[in-house]
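*Asks:* Would you mind keeping the following structure in view while I ask a few things?
Just so it is clear, none of the values below were taken in a lab; they were calculated from the coordinates. All of these numbers come straight from a predicted model, not from anything done at the bench. All Cβ positions, even for glycine, are placed from backbone atoms using ideal geometry, and neighbour counts span all protein chains on display.
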Amino acid sequence: MTKLIFEKGKPGRRAIHLPKMDTPDYMNTLSKKYMRKTPADLPEVSEPDVVRHYTDLSTKNFGVDANFYPLGSCTMKYNPKINEYMAALPGFSDVHPLQPEHTVQGCLELMHCLQQLLCEIAGMDAFSLQPAAGAQGEITGLMIMRKYLNDHGLEHKNIILVPDSSHGTNPASAALAGFTVQTIPSDQKGQTDLQQLKEMVHDGVAGLMLTNPNTVGVFEEHIEEIASVIHSVNGLLYYDGANANAIVGIVRPGDMGFDLVHFNLHKTFSTPHGGGGPGSGPIGVKKFLEEYLPNPVVKKDSDRYFLDYSSPCSIGKIHSFYGNFGVLVKAYCYILNLGREGLIQVAENAVLNANYIAKRLGEFLKIPFDKGFMHEFIVSYDTLLDQGIHAKDAAKRLIDFGIHPPTMYFPAIVSEALMIEPTETESKETLDRFCDLMEQIYQEGINDPELLKTTPHTKTVRRLDEVAAARNPVIKYME
Amino acid sequence: MNKYIPNTQAQKAEMLSYIGIDSVDRLFDCIPDSIKDRNGMNIPEGLSDIELEGKLRSLSGKNLNVNDAVCFIGAGAYDRYIPAVVKALISRQEFLTAYTPYQAEASQGLLQAIFEYQSLICNLTGMEGSNASVYDGGSALAEAVSLSNSVKRKSRVLVSGCLNPRYRQVLDTYVRYKDMKTVEIDSADGVTDLESISKDDLAESGCLILQNPNYFGCLEDMESASEFAKRNGLHLIVSVNPISLGILQSPGEYEADIVTGEGQELGNGLSFGGPYLGFFAVSKPLIRKMPGRIVGMTKDLEGKAGYVLTMQAREQHIRREKASSNICSNQALNALAAAIYLSVLGKQGVVDVAKLSFNKAHYLYNGLKETRLFKERFTSEFFNEFVLDAGVNVKQIQDAYLNNKILLGYGLANEFSDMKNSLLIAVTEKRTKKEMDLVVEMAGDMS
Amino acid sequence: MIPKHLYYTKEHEWIKVTDEGLYVGITHYAQDQLGDIVYVELPEVGDEFEASEAVSVVESVKTASDIYMPVKGSVKAVNHALENQPELINSDCYTNYIFVIQQEDNDLEGLLSADEYTKYIEELDQ
């Protein structure tokens, strides 16, 4: 176990060389009552200490540059290096957000162009780049829906429908935007149960949130009818772009009938996940919702770009400034680099890779929804329960072979679920190795279940006690 | 084929044949033809890497960056020195290209780093618990109100009139849908006037929000505010400048309930407003109510210490519509930068950076208010940011400075109707006496 | 398994009627579904609730479950032992109550008898 940074170093060590005070000292003008009584207990380390420490920690982590990461619903694709370099250009990374407008025209132009590109990809009429993550995109979209409905005398519409397999952020976002949430069941094919939907839709329904392909990886083939059912009661249709990697360039949410869309730039548009953020979740809308987008929106007036705060209908600000700009630069580079054909190839190859793996794994594993799935699919690892093997045992065994486990136990509608998403940036060789290992692990489950139950064996720690962690939380260092 | 796709045509053909179909198009048969439209997407042809780099360099070149200028703009984002160590370490692919550390055994490095981040934030703020960060300073405040409301269940939120107006706007957006409203507290001499709060507002409110140093740079009397909050059964929520805590009283010392703030200053670039991080810390009774991700220490099955994401039952993926927050990420890489930055600064460094900022700001303040171009706006004490009123149109003054590549402050006219010609000026440890002498000299010439 | 002298709800709470008030806890079925309980959020003494309002939350590592008010009333007492030892519910769910209700009337309408509850969970298991 690596010691904590607090346990390293010695009193008096320093890792920074600051300039000498070149002005008079005014500290005696600071009232005593405002002063800190005891100094903050920060580490006392040298620069080599810091570098060794965090480099050591990095070796105990798992990145997509080094390893296959078939993590369903997360789109762990390769993150192009050129995008990192471009985002680090000083004209992007060292610009203050409150500089005069004419000194930031390049930033604004980039944002304006990205807004337009995303409109094209989504089939929407306007985009805001402000949401800092997919979940923030969702709540922004729902606030737009709420305000639009209120402004049109439709306050009584307060029900948001979500499928039973939806991501937890969908109902959470809807509730925070003031809606009541109702759940629609999935049918045998893993799709929204159309009959149930029709029965649940009435004048009080404000809208439906849907991922398409949905959270079991299956394309909702009745999407046009779903849209018309929702629209028939003046409801709005929200597209959760979590799975857009399957359809980018093939079909546009706007053409499916959706009124609002959020994309996760850290998924579909390859910006690195950074260990859990920063992401970016731009929100796009059809024309009739444009004036509700958060302030400010980047606009163009002849050849000048500007931040427009003028819309009186806007839901207001949702980010301290304009969104995760550094992430936007990377996504913009990605789209320009790939172009139209390149983006279509993304979806084609992501779907081909997933179908190939599914076909191979289907030889020995159970795939509950085996028709019409696209860039990802679910395995129900419940065939070895008699041996005491659960989905997590098989998943964690992959760690021993240098592969990140698939998403486990999501969605909850499938027992012992493993959700597998290979992405388009993996070669057939990698996919074959993965399938071979999955087969080997399955055999191990039959022949040597104890081996699986105690995996992983190759890391610095073994399975961790989550119950103890949650019962008596230790969430900071104590001497 | 785009260069990020390794499979060749031959491999694709092999895969298709294994699946038992003749073309990739068959994989998309599940999508109705009526909505499929491959020509609808008007995206230009892909650029080569050389063309792409040329285009981006040209766009980047259209912006004035703070290395080519002298930046005195603050107002929520600060031009601080970022040690090379920070950038070098956060660029390591194991951190940069990792997902959220849900698979604890394979993610001990990042989990430990976040645990250290939480500990560093606790030590800096004097609080008992910190989460793994949220989006930014504004959303951190919105989350704080949501947390407070889950305990207090009142309809109003008392907000200092000296709060960053952008935070206020974010807060207003979030509370509007929860049947709450914000009530602004008057200010006097650049600080919050708690005595001005009406009895009615007090009775209907569950929390009191102050910023310290506040948006105008002035220092609030946090001890009194804390006593006031306790007396009236309010949660005290404070948004703090993290570097100021090198020398200023910590929120733990004055017993705040929830502490939030913008963490950009801690080793993160200005980056035209993001990505930054919102830090979020609480007193002991509120730990189990904190939104977002939290890393906890535990043991593995052999008894070795290790780290996991913990207290997840609060979160949206479990509580769904009953969750008090929908956040499902943190600004992990930015939080990592903050942790490394605070480790580099260390116990003495954070005091030194705070003192340098404080002294330099006071040097410039004293210099400028002696000129006839500016006069002081407030007499309250301040940290590293202050407001001056200009005798003439403030835009003209800023333009004159900009001609000399000096970004002199941020005009407050758009945000405060009674501050038409007021300038909010920030000074960090990066500014030199020489630069500031030039600013003062130019002011003398202009008056 | 299911004590005869208690009342039950479909939300898997048990209710014990005593002179000091109504003791409320969760059933064996509920604690088994939750798994290892890691935290119990207790209500404030004195708080008043309508029947079916969420009063308390019981959390395990991977799930959380609301505890609903079985009848209208106010919280008279809470079981402080659960603050540091939530696992007491796992070890003996019928002794370790969560809170006690002070009722204004003695209306127990809508509560299930032990037999009715037994039948109800048998149906659930099918």
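*Asks:* Out of B:ASN214, B:ASN149, B:ASN268, any idea which swings most in a Gaussian network model of chain B, alpha carbons joined below 10 Å?
*Replies:* Taking springs between Cα atoms under 10 Å, the residue moving most is B:ASN149.
*Asks:* Cut-off 10 angstrom, C-alpha nodes, Gaussian network model of chain B. Which of B:GLU385, B:GLU302, B:GLU116 fluctuates the most?
*Replies:* B:GLU302
*Asks:* If each of A:GLN440 and B:ASN404 carries a label point 7 Å out from its Cα toward its Cβ, how far apart are those two points in nm?
*Replies:* Each label point lies 7 Å from its Cα, and together they span 7.0 nm.
*Asks:* Roughly speaking, what is the centre-to-centre gap between region B:328-351 and region B:133-201 when only Cα atoms are used, to the nearest Å?
*Replies:* Here the two parts' Cα centres lie 27 Å apart.
*Asks:* Neighbouring Cβ atoms within 10 Å as the yardstick, rank A:ARG13, B:ARG372 fewest first.
*Replies:* Lowest count first: B:ARG372, A:ARG13.
*Asks:* Give me the extension gain from A:ALA412 to A:LEU194: residue separation times 0.36 nm, minus the current Cα-Cα distance, reported in nm with one decimal.
*Replies:* 76.5 nm
*Asks:* Here's another thing I want to ask about it. Taking the Cα atoms only, what angle lies between the long axis of helix B:165-175 and the longest principal axis of chain B, rounded to 10 degrees?
*Replies:* Approximately 50 degrees, to the nearest 10.
*Asks:* While we're on this one: Under unit Cβ charges (Lys, Arg +1; Asp, Glu -1), what dipole magnitude, rounded to 20 debye, does chain B have relative to its Cα centre?
*Replies:* It comes to approximately 540 debye.
*Asks:* If you take all C-alpha pairs in the protein assembly as shown, what percent of them are over 40 Å apart?
*Replies:* 43
*Asks:* Based on alpha-carbon atoms only, what is the radius of gyration of region A:391-479 relative to the globular estimate 2.2 N^0.38 Å?
*Replies:* Relative to the rule-of-thumb radius for its length, region A:391-479 sits at 1.30.
*Asks:* Here's something else I'd like to know. Let me check against my output: what whole-number percent is the relative contact order of region A:5-59, with C-alpha pairs under 8 Å and at least 6 apart?
*Replies:* Here the relative contact order equals 63 percent.
*Asks:* Mind checking which of B:THR192, B:THR379, B:THR125 has the largest fluctuation in a GNM of chain B, springs on alpha carbons under 10 Å?
*Replies:* Sorting by GNM fluctuation, first place goes to B:THR379.
*Asks:* Which FRET efficiency, nearest 0.05, do A:LYS300 and B:TYR81 yield, Cβ-Cβ r, R0 41 Å?
*Replies:* The value I calculate is 0.70.
*Asks:* So if we plug the beta-carbon distance of C:GLU116 and A:LEU18 into 1/(1 + (r/R0)^6) with R0 = 56 Å, what FRET efficiency do we get, rounded to 0.05?
*Replies:* 0.15
*Asks:* How far apart, in nm, are the 7 Å Cα→Cβ label points at B:SER58 and A:THR59?
*Replies:* Modelled inter-label distance: 4.6 nm.
*Asks:* Another question, then. With helices defined as uninterrupted DSSP H runs, which ones in chain A have an alpha carbon span along their own long axis of at least 30 Å and mean Kyte-Doolittle hydropathy of at least -0.5?
*Replies:* Those that clear 30 Å and a mean of -0.5 are A:325-361.
*Asks:* How far is the Cα center of region A:320-352 from the Cα center of region A:179-254, in Å?
*Replies:* Centre-to-centre (Cα) distance: 25 Å.
*Asks:* Report P(r) for region A:229-363: all Cα-Cα distances, bin width 10 Å, range 0 to the bin holding the largest distance, values in whole percent.
*Replies:* 10, 31, 36, 18, 4, 1, 0
*Asks:* Another question, if that's okay. Taking the Cα centre of the protein assembly as shown as the origin and placing charges on Cβ (Lys, Arg +1; Asp, Glu -1), which of B:SER130, A:ASN28, C:THR95 is farthest toward the positive end of the dipole?
*Replies:* Result: A:ASN28, furthest along the dipole toward the positive end.
*Asks:* Taking loop as defined by DSSP and a crowding limit of 14 other beta carbons within 10 Å, which trypsin sites (Lys or Arg not before Pro) in region B:12-54 fit?
*Replies:* B:ARG38
*Asks:* Let me ask something else about it. Can you compute the equivalent ellipsoid semi-axes for region C:7-104, i.e. the square root of 5 times each eigenvalue of the Cα gyration tensor, sorted largest first and rounded to whole Å?
*Replies:* After diagonalising the Cα gyration tensor, the semi-axes are 20, 13, 13 Å.
*Asks:* Just to verify a number: FRET efficiency for C:GLU104 and A:GLU479, C-beta to C-beta distance, R0 = 45 Å, to 0.05?
*Replies:* Efficiency, rounded to the nearest 0.05: 0.30.
*Asks:* If a paramagnetic tag sat 7 Å from the Cα of B:ASP25 along the Cα-Cβ line, which residues of region A:312-348 would have the backbone N under 19 Å from that point?
*Replies:* Residues A:341-348 fall inside that zone.
*Asks:* Under 13 Å from a label point 7 Å along Cα→Cβ of B:ASP193: give me every residue in region B:146-173 with its amide N that close.
*Replies:* B:161-162
*Asks:* Return the Rg/Rh ratio of chain B with Cα-based radii and a Kirkwood Rh.
*Replies:* 1.04
*Asks:* Separate question: In peptide B:293-304, what is the residue-averaged number of other protein chain Cβ atoms found within 10 Å of each Cβ?
*Replies:* Mean number of neighbouring Cβ atoms from other chains: 6.
*Asks:* Moving to a separate point now. Could you check the spin-label model distance between A:THR29 and C:LYS16? Points 7 Å from the Cα along Cα→Cβ, value in nm.
*Replies:* 6.9
*Asks:* Longer than 28 Å from Cα to Cα, which of A:LYS33/B:LYS369; A:LYS20/A:LYS330; B:LYS369/B:LYS405; B:LYS322/C:LYS76; A:LYS299/B:LYS420 are they? Say none if no pair is.
*Replies:* Distance filter (> 28 Å) returns A:LYS20/A:LYS330.
*Asks:* Hey, which of these cross-link pairs are over 29 Å Cα-Cα: A:LYS77/A:LYS459; A:LYS60/B:LYS62; B:LYS347/C:LYS62; B:LYS154/B:LYS347; A:LYS476/B:LYS230; A:LYS37/B:LYS360?
*Replies:* A:LYS60/B:LYS62; B:LYS347/C:LYS62; B:LYS154/B:LYS347
*Asks:* So, one more: Just to confirm the number: angle between the C-alpha axis of helix B:332-370 and the first principal axis of chain B, 0 to 90 degrees, nearest 10?
*Replies:* Result, in degrees: 30.
*Asks:* What number of lysine-lysine pairs in region A:342-453 show an alpha-carbon separation below 17 angstrom, given a sequence spacing of 8 or more or placement on distinct chains?
*Replies:* 5
*Asks:* About the Cα centre, and with charges only on the beta carbon of Lys, Arg (+1) and Asp, Glu (-1), how big is the dipole of region C:7-104? Nearest 20 debye, please.
*Replies:* 240
*Asks:* Is it possible to state the helix-based mean residue ellipticity at 222 nm for chain A, with each DSSP H run of 4+ residues giving -39500 (n - 2.57), the sum divided by total residues, to the nearest 500 deg cm²/dmol? What is it?
*Replies:* Rounded to the nearest 500, the figure is -11000 deg cm²/dmol.
*Asks:* Once both axes come from the Cα atoms, what is the angle between helix B:137-152 and the longest principal axis of chain B, in degrees from 0 to 90, rounded to 10?
*Replies:* The angle comes out near 90 degrees.
*Asks:* Report, by chain and number, residues whose modeled amide H sits under 5 Å from the one on B:SER187, excluding near sequence neighbours (fewer than 5 apart, same chain).
*Replies:* B:ASP193
*Asks:* In addition: Using the number of other C-beta atoms within 10 angstrom as an exposure proxy, rank A:THR454, B:THR310, A:THR23 with the fewest first.
*Replies:* A:THR454, A:THR23, B:THR310
*Asks:* In µm²/s, what is D for region A:166-238 at 20 °C and 1.002 mPa s, where D = kT/(6 pi eta Rh) by Stokes-Einstein and Rh is the Kirkwood radius from Cα pairs?
*Replies:* Using the Kirkwood radius from Cα pairs, D works out to 170 µm²/s.
*Asks:* Please give every one of the lysines within straight-line cross-link reach of A:LYS198, meaning a C-alpha to C-alpha distance under 17 Å, and leave out same-chain neighbours fewer than 8 residues apart.
*Replies:* A:LYS198 reaches A:LYS157.
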